[in-house]
Amino acid sequence: MSDLPLVRLAGVSKGFVKGKDAITIFDKLDLAIPAGDFVAVMGPSGSGKSTLLNLLGGIDRPDTGEVQVAGSRIDALSEGELSAWRAAHIGFVFQFYNLMPMLTAAQNVELPLLLTRLGKADRRRHVETALTIVNLADRAKHYPREMSGGQQQRVAIARAIVSDPELLLCDEPTGDLDRTSADEILGMLKALNRDLGKTIVMVTHDPAAARYARRTLHLDKGHFEEKELAA
Amino acid sequence: MLRQVLAVTRINLASIPQRFWLSLSTVVAVGLVVMVLLSFLSMAAGFRRTLASSGADDVAIALRAGARAEVNSVIGRDQVRLLEDAPGLVRDAQGKPVSSAELYLVVDGIKRSSQTKANLPLRGIGEQGAAVRQGIRITGGRMFAPGSNEVVVGKSLLREFEGFELGRTVRLASGNWTVVGIFEADGSVFESEIWADLPVVQSLFNRNNVFQTMRMRLTGPDALTQLVAYNDGDPRLKLEVKSEKDYFADQSSETSDLIQKLGWPLAIAMALGALAGALNTMYSSVASRSVEIATLRAIGFGGFPAFVGTLVESLLLAAIGGVLGALFAWLIFDGFSASTLGASFTQVVFSFRLTPGLIGQGIALALVVGLIGGLLPAIRAARMPIVQGLQG
């Protein structure tokens, strides 16, 4: 794990208006996550865990403060620049997998590669590699409806890693899975962090899931409490 | 960018079955718009074609000055004789012009389809009456005998009106007439007429020495100028002389314009309804795909592919509707025979005619509905906040 921060938040504030009330989620939040880290973010509902993930992924913007990820001040990028930046640097894993139901596993995994300059043969090779990493090479031509929840989430992980991004952002990746499947997915994320050096930020409610991470950040009332978990 | 557009478009189109009934309602609504439009346009085109094919540019027609239709015209025998001496006319071996002074009267007939009375044209023609026109063929029976109470009837008139079968006796005004022949006239307006010997018609209808028009075969289209100059130069004539082609073009324009002026507003009014349907379908499409759109945007796809994908879906549904509407219009209306009142207040039998150009207009209208119906939902798809979209 590198000491250089891959993710750096400085003085980030974020809030929203609900009716006549202005609600603050973060107030001058600071955070640094080094490259190669695996961080679990926990906290009560409404504490801003998903908002944090959205800010790191460049799909939401802070009201004030700086968000620097993979060397870019993403809070200053335009929408078009952010799209290209996400394609190059971020892999998302969602709680409900968010696969395209009309596409096969391989076609789903291929989607991020359509944003690159890779030719068809190279894309196929990358897809095969990603599906092999998640142990689904034999299900490449299966549609999401033909797979279990755990298998669909593995396809989603393959889609997240296929373009080799530095940062994986996982929002409750096991929230829709049984314990066995959840452990399988978490083991896979741990292996991606350990063996491939992927930096992972994972939002979870599940303490058992958080134990797979190197450290856990507890987010509450707009501030972090940190807890080291694994080596 | 093209790859992104193709991928998003493919995902959009592949998800149409998830919104089958809503998408089908849009297809049907657009299809009905196109079918209604094409029914009117094919009616106008068929009517126009029937009259346009009736006129030749090497046949001149003379009418009373100011008369817009044969039924309003009157020509005296002296004028007929003067016209027979005009320059530019085709003449036979004896030097007689190939011409026909004619009487055009309105008689009653019963429409087969509605069993209602309608005005039919009875035309008294001279001995050259058939020769002055192109493409006249007796297809059943024979030509009427001069001086007899015999008539020949056009094929279209026989098809649309009762009692004109070969051998039947029909009562026209005060006299009984025998149908001795059926003729074709290359689908022209003459197929909607009853023809009889001119002197007999003049006598039975008390129109002795009165004619309404004179048709003259010209040596060529250019000879019309000579004939017009001859007519204008003789104060005893002062008739309106024009080519038969121009005469029928004038006759067709008013009715076909009226049909088109009815058809387009009706189609546009219906198109507004279809547009509402298309907007509803496409907004629903964007709403039901919000998670997919937001996921693709999160992965790195731009807003433009989401815009194009939605627009293509809308255009495709509208195009399918347009093609189906055109297909049904073609199956139902192309060649459909109908009759309507022409400029001479007599029935003109014509066939609806659906041309490729008209089909193009129908499909273009469908695409306009698809374009406008898809535009706002496509903008919404492109601008949808990703976080909001991911929440479904």
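Residues that are farther than 15 Å from residue B:315 by Cβ and either open to solvent by less than 10 Å² (accessible area, probe 1.4 Å) or outside any helix (DSSP H, G or I) (or both) were ranked within the stretch B:1-32; the one that is farthest from the other protein chains (Cβ to nearest Cβ) is B:1.
Is it the case that the stretch A:145-164 has a residue that's open to solvent by 70 Å² or more (accessible area, probe 1.4 Å) and within 17 Å of the chain's Cα centre (by Cα)?
Let us first name the residues in the stretch A:145-164 that are open to solvent by 70 Å² or more (accessible area, probe 1.4 Å), namely A:145-146, A:164.
Keeping just the survivors that are within 17 Å of the chain's Cα centre (by Cα) gives A:164.
Yes, there is a match, as at least one residue in the stretch A:145-164 is open to solvent by 70 Å² or more (accessible area, probe 1.4 Å) and within 17 Å of the chain's Cα centre (by Cα).
Selection of first residues in the stretch B:278-303 that are at the interface with chain A (Cβ under 7 Å from one of its Cβ atoms) and of second residues that are of a type in the set (Phe, Trp, Tyr) and crowded, with 24+ Cβ neighbours inside 10 Å, restricted to Cβ pairs under 6 Å at least 6 apart or on distinct chains, gives the following pairs, ordered by first then second residue: B:298/A:92.
Of all residues in the stretch B:231-248, which are crowded, with 17+ Cβ neighbours inside 10 Å and not charged (D, E, K, R)? Matches in the stretch B:231-248: B:231, B:237, B:239, B:241, B:243, B:247, B:248.
Is it true that residue B:151 is in the same structural domain as residue B:220 (by TED's automatic domain parsing) and closer than 22 Å to residue B:59 by Cβ?
No, not satisfied.
Regarding the stretch A:70-82, can at least one residue be identified that is within 10 Å of chain B (Cβ to nearest Cβ), out of contact with any Asp or Glu (no Cβ under 8 Å at 6 or more places or on another chain) and at pLDDT 90 or above? Within the stretch A:70-82, one or more residues are within 10 Å of chain B (Cβ to nearest Cβ), out of contact with any Asp or Glu (no Cβ under 8 Å at 6 or more places or on another chain) and at pLDDT 90 or above.
Please tell me if residue A:37 is modelled with pLDDT of 90 or more, more than 14 Å from chain B (Cβ to nearest Cβ) and at negative phi. Here the answer is yes, as residue A:37 does meet what is asked.
The set of residues from the stretch B:304-319 being hydrophobic (A, V, I, L, M, F, W, C), within 13 Å of chain A (Cβ to nearest Cβ) and farther than 17 Å from residue B:281 by Cβ comprises just one member, B:304. Screening B:228, B:200, B:291 for residues that are in contact with a helix residue (DSSP H, G or I) (Cβ under 7 Å, 6 or more places away or on another chain) and open to solvent by less than 70 Å² (accessible area, probe 1.4 Å) leaves exactly one candidate, B:291.
Give the residues of the stretch A:88-119 that are assigned to a helix (DSSP H, G or I) and at the interface with chain B (Cβ under 8 Å from one of its Cβ atoms), sorted by residue number. Hits for the stretch A:88-119 are A:88, A:111, A:112, A:114, A:115. For the stretch B:207-218, indicate whether the set of residues that are farther than 30 Å from residue B:176 by Cα, open to solvent by 20 Å² or more (accessible area, probe 1.4 Å) and among the aliphatic types (A, V, I, L, M) is non-empty. Looking through the stretch B:207-218, none of the residues is farther than 30 Å from residue B:176 by Cα, open to solvent by 20 Å² or more (accessible area, probe 1.4 Å) and among the aliphatic types (A, V, I, L, M). Scanning the stretch B:49-66 for residues that are open to solvent by less than 50 Å² (accessible area, probe 1.4 Å) and in a helix (DSSP H, G or I) returns B:50, B:51.
Would you confirm, using the coordinates I've provided, whether residue A:40 is out of contact with any Asp or Glu (no Cβ under 7 Å at 6 or more places or on another chain) and either open to solvent by less than 60 Å² (accessible area, probe 1.4 Å) or assigned to a strand (DSSP E or B) (or both)?
Here the answer is yes, as residue A:40 does meet what is asked.
Among the numbered conditions (1) in contact (Cβ under 8 Å) with a residue 12 or more places away in the chain; (2) within 30 Å of residue B:11 (Cα to Cα), tell me where residue A:79 comes up short. Failing condition for residue A:79: (1). Looking across the stretch A:1-46, the residues that are of a type in the set (S, T, N, Q) and either over 23 Å from residue A:90 (Cα atoms) or out of contact with any Lys or Arg (no Cβ under 8 Å at 6 or more places or on another chain) (or both) come down to A:2, A:24, A:45. Residues in the stretch A:77-131 that are under 16 Å from residue A:198 (Cβ atoms) and either open to solvent by 30 Å² or more (accessible area, probe 1.4 Å) or polar (S, T, N, Q) (or both): A:88, A:89, A:126, A:129. Candidates B:225, B:295: the one that is of a type in the set (Val, Ile, Thr) and either touching a Leu at 6+ places or on another chain (Cβ under 9 Å) or closer than 15 Å to residue B:11 by Cβ (or both) is B:295.
Taken over the stretch A:165-182, residues that are hydroxyl-bearing (Ser, Thr, Tyr) and crowded, with 19+ Cβ neighbours inside 10 Å amount to 1.
Checking the structure you have, find out if any residue of the stretch A:46-65 is of a type in the set (Asp, Glu), surrounded by 15 or more Cβ atoms within 10 Å (Cβ to Cβ) and more than 28 Å from residue A:155 (Cβ to Cβ). There is no residue in the stretch A:46-65 that is of a type in the set (Asp, Glu), surrounded by 15 or more Cβ atoms within 10 Å (Cβ to Cβ) and more than 28 Å from residue A:155 (Cβ to Cβ).
The values are calculated or read from the model by the stated rules, or taken from the named source; none is laboratory data. Predicted model, so just to flag it, every value in this text is computed and none were measured. Positions of Cβ are backbone-derived with ideal geometry, glycine not excepted, and every protein chain shown enters the neighbour counts. Protein only, heavy atoms only, side chains kept; ligands, DNA and RNA dropped before computing areas. Shrake-Rupley method; radii C 1.70, N 1.55, O 1.52, S 1.80 Å.
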